[in-house]
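**Q** Below is one structure. I have some questions about it.
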Amino acid sequence: MTLRERLSGRINKPDIGEYVMRMQENEGISVVNELYDLLIDADKRISDNAAWVLSHAKGRAERFLNAKQGELISEALATTSNTKRRLLLSILKRQSFDKQNLRTDFFDFCLSCIVDNSVPIGIRALCLYLSFTQCQHYPELLMELELTIDILDNEDLSAGLKCAKRSVRSQIRKNKV
């Protein structure tokens with residue numbers, strides 16, 4: 001059975017563990033490449049499952065994904081699947097962002113998600129963290145992020161979003177010192 005066929009059905013944690021092991025073995029890069037190609041599959045289940053597996057990538061597979069940061073951002077912006085978007089943002093959260101390669105479209109997307117009540121909580125929290133990671137080298141963007149976070153003060157937040165807000169505010173204060 002091909003990887004695409006296996007991802008077309010339900011997968012679970014043991015399946016993901018198997019794929020992660022395969023990504024670490026000698027054939028690892030070919031498995032990572034195939035999973036990466038399946039991220040843009042027309043079948044939502046296949047692309048969501050590929051993103052779920054890749055969100056557990058380690059070592060060599062993680063370095064491969066780091067090199068694809070721009071493409072991952074573009075896919076996170078374009079996808080209509082909240083599941084896939086959350087998983088792509090989880091992958092991106094583990095990456096570092098260069099000062100020279102700020103994607104203002106992605107930063108703006110994150111800021112708009114933070115304050116949009118129709119966006120799932122997990123995506124909003126990830127966007128909070130990613131906004132800080134992207135703008136930490138730019139004082140004027142940090143101020144914009146702080147103003148965006150202030151908007152959340154008027155909202156009844158879930159525990160996860162409160163935690164993310166508190167954590168990012170703390171990071172901003174440390175960055176100013």
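**Q** Please enumerate the residues belonging to segment 77-103 that are modelled with pLDDT under 95 and of a type in the set (Ser, Thr, Tyr).
**A** Ser96
**Q** Same structure again: List the number of the failed condition for Ser8; all other conditions in (1) under 17 Å from Arg60 (Cα atoms); (2) at pLDDT 95 or above; (3) not hydrophobic (A, V, I, L, M, F, W, C) hold.
**A** (1)
**Q** In addition: Hey, does segment 112-121 have a residue that's at pLDDT below 95, in a helix (DSSP H, G or I), under 23 Å from Ser81 (Cβ atoms) and out of contact with any strand residue (DSSP E or B) (no Cβ under 7 Å at 6 or more places or on another chain)? First the steps, then the outcome.
**A** We begin by selecting, within segment 112-121, every residue at pLDDT below 95; these are 117.
Add one more test, that the residue is in a helix (DSSP H, G or I), and what stays is none.
Within segment 112-121 (the criterion being at pLDDT below 95, in a helix (DSSP H, G or I), under 23 Å from Ser81 (Cβ atoms) and out of contact with any strand residue (DSSP E or B) (no Cβ under 7 Å at 6 or more places or on another chain)), the answer is no, since none of the residues qualifies.
One line per residue, one yes/no per condition, for (1) without any contact (Cβ under 8 Å) to a residue 40 or more places away in the chain; (2) touching a Pro at 6+ places or on another chain (Cβ under 8 Å); (3) surrounded by 12 or more Cβ atoms within 10 Å (Cβ to Cβ); (4) not charged (D, E, K, R):
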{"position": "Thr2", "(1), (2), (3), (4)": "yes, no, no, yes"}
{"position": "Gly9", "(1), (2), (3), (4)": "yes, no, no, yes"}
{"position": "Lys13", "(1), (2), (3), (4)": "yes, no, no, no"}
{"position": "Arg45", "(1), (2), (3), (4)": "yes, no, yes, no"}
{"position": "Trp52", "(1), (2), (3), (4)": "no, no, yes, yes"}
{"position": "Lys68", "(1), (2), (3), (4)": "yes, no, yes, no"}
{"position": "Leu87", "(1), (2), (3), (4)": "yes, no, yes, yes"}
{"position": "Lys99", "(1), (2), (3), (4)": "yes, no, no, no"}
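**Q** Condition first: of a type outside the set (Asp, Glu), more than 20 Å from Ile91 (Cβ to Cβ) and assigned to a loop (DSSP other than H, G, I, E, B). Now tell me which residues in segment 122-157 satisfy that. Give the derivation first.
**A** Filtering segment 122-157 for residues of a type outside the set (Asp, Glu) gives 122-139, 141-143, 145, 147-149, 151-152, 154, 157.
Subset that is more than 20 Å from Ile91 (Cβ to Cβ): 137-139, 141-143, 145, 147-149, 151-152, 154, 157.
Of everything in segment 122-157, those that are of a type outside the set (Asp, Glu), more than 20 Å from Ile91 (Cβ to Cβ) and assigned to a loop (DSSP other than H, G, I, E, B) turn out to be His137, Tyr138, Asn154, Leu157.
**Q** Do you know which residues across segment 70-84 are closer than 23 Å to Ile29 by Cα, of a type outside the set (Gly, Ala, Ser) and open to solvent by 20 Å² or more (accessible area, probe 1.4 Å)? Lay out the reasoning, then the answer.
**A** Let us first name the residues in segment 70-84 that are closer than 23 Å to Ile29 by Cα, namely 70-76, 84.
Keeping just the survivors that are of a type outside the set (Gly, Ala, Ser) gives 71-73, 75, 84.
Once the filter is applied, which keeps residues that are closer than 23 Å to Ile29 by Cα, of a type outside the set (Gly, Ala, Ser) and open to solvent by 20 Å² or more (accessible area, probe 1.4 Å), segment 70-84 yields Glu71, Glu75.
**Q** Among the candidates Thr104, Thr148, single out the residue that is closer than 20 Å to Leu72 by Cα and not aromatic (Phe, Trp, Tyr).
**A** On the way: Thr148 fails: closer than 20 Å to Leu72 by Cα.
Result of the check over Thr104, Thr148: Thr104.
**Q** Look at segment 26-56 and say how many of its residues are modelled with pLDDT under 95, of a type in the set (Gly, Ala, Ser) and touching a Lys or Arg at 6+ places or on another chain (Cβ under 9 Å).
**A** Residues in segment 26-56 being modelled with pLDDT under 95, of a type in the set (Gly, Ala, Ser) and touching a Lys or Arg at 6+ places or on another chain (Cβ under 9 Å): 1 in total.
The values are calculated or read from the model by the stated rules, or taken from the named source; none is laboratory data. As the structure is a prediction and not an experimental result, all values here were calculated from the model. Glycine gets a Cβ as well: all are built from the backbone with ideal geometry, and neighbour counts include every protein chain shown. In case anyone asks, the SASA skips ligands and DNA or RNA and just uses the protein heavy atoms, side chains included. Shrake-Rupley method; radii C 1.70, N 1.55, O 1.52, S 1.80 Å.
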